[in-house]
Amino acid sequence: MTTSALYDSLLLACRQPGCPLCRVSHDVEYRYLDQFFYSQVNDYDSRVRFRASTGFCPPHADIALNELAGKSLGVAILYEDLLRIAQESLEKGQNLAMAKGKCPACQLHDETNGYLLTDLERYILQPDLQSALQSCAGLCFQHYSLAYDRLRGDKRRQLVAIQLQAVQSLRAELAEFIRKNDYRFQGEGFGSERDAWRRVVELVTGK
Ligand SMILES: [Zn+2]
Ligand SMILES: [Zn+2]
């Protein structure tokens with residue numbers, strides 16, 4: 001994905017639920033994994049990297065297993081290769097090879113997040129990103145912390161203001177959710193705060 005396409009994705013992600021940086025990063029990795037199991041099964045370099053990392057890390061393997069549709073053949077072929085290597089080691093009475101490098105999707109994750117933080121630093125005071133961020137659900141704690149360390153002066157103050165507003169707004173929704181769980185108020189029914197308990201976990205932990 002080009003850096004300008006990544007910036008456009010960031011603007012769009014601000015208008016959707018959850019941390020916008022997590023969303024863009026996840027979408028990039030999802031597309032990578034989708035392509036990987038579809039078209040890179042027979043690509044020599046991809047296979048070498050896949051072997052070196054002994055497949056994907058648990059979160060990225062989880063995307064492959066639970067979010068990708070119809071990629072079972074690619075998964076079967078690539079992981080069978082790892083089992084073939086494992087069998088060779090076992091027949092020699094050796095230990096199994098563990099990952100020697102980062103999972104390829106984690107490498108992409110680091111690269112994507114580097115670009116996203118650069119965009120945030122460069123454009124946070126520009127009206128389009130500023131207003132998009134003001135309407136977003138806030139950054140997850142990890143992305144916020146990385147961005148905070150990177151930004152200075154007015155840019156940092158803007159980041160803090162955006163995050164403070166997101167935290168205050170979610171706390172108000174949580175207070176309403178908790179109040180309505182009291183049997184005395186259950187008749188009122190839930191509004192937009194009905195999933196605030198999920199959103200707070202995502203804000204704290206990221207996706
Ligand atoms: Zn995040
Ligand atoms: Zn990974």
Over the range 1-119, volume per residue of the alpha carbon convex hull, in Å³: 113
May I ask which residue of Leu10, Ala64, Cys136 lies farthest towards the positive end of the charge dipole of the chain, with charges of +1 (Lys, Arg) and -1 (Asp, Glu) on Cβ and the Cα centre as origin? Cys136
So how do Arg51, Arg179 line up by other beta-carbon neighbours within 10 Å, fewest first? Arg179, Arg51
Quick one, what does Rg over Rh come out to for the range 3-205 if you take C-alpha atoms and the Kirkwood Rh? 1.09
Arrange the following residues from fewest to most other Cβ atoms within 10 Å of their Cβ: Val24, Val160. Val160, Val24
Span-like helix ranges in the chain, DSSP H, alpha carbon extent 18 angstrom or more, Kyte mean at least 0.0: 72-91
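None of the figures in this text is laboratory data; all of them are computed from the coordinates on show. These numbers were taken from a predicted model, which means no experiment stands behind them. Here the Cβ is made from the backbone with ideal geometry for all residues, glycine too, and neighbour counts use every protein chain on show.
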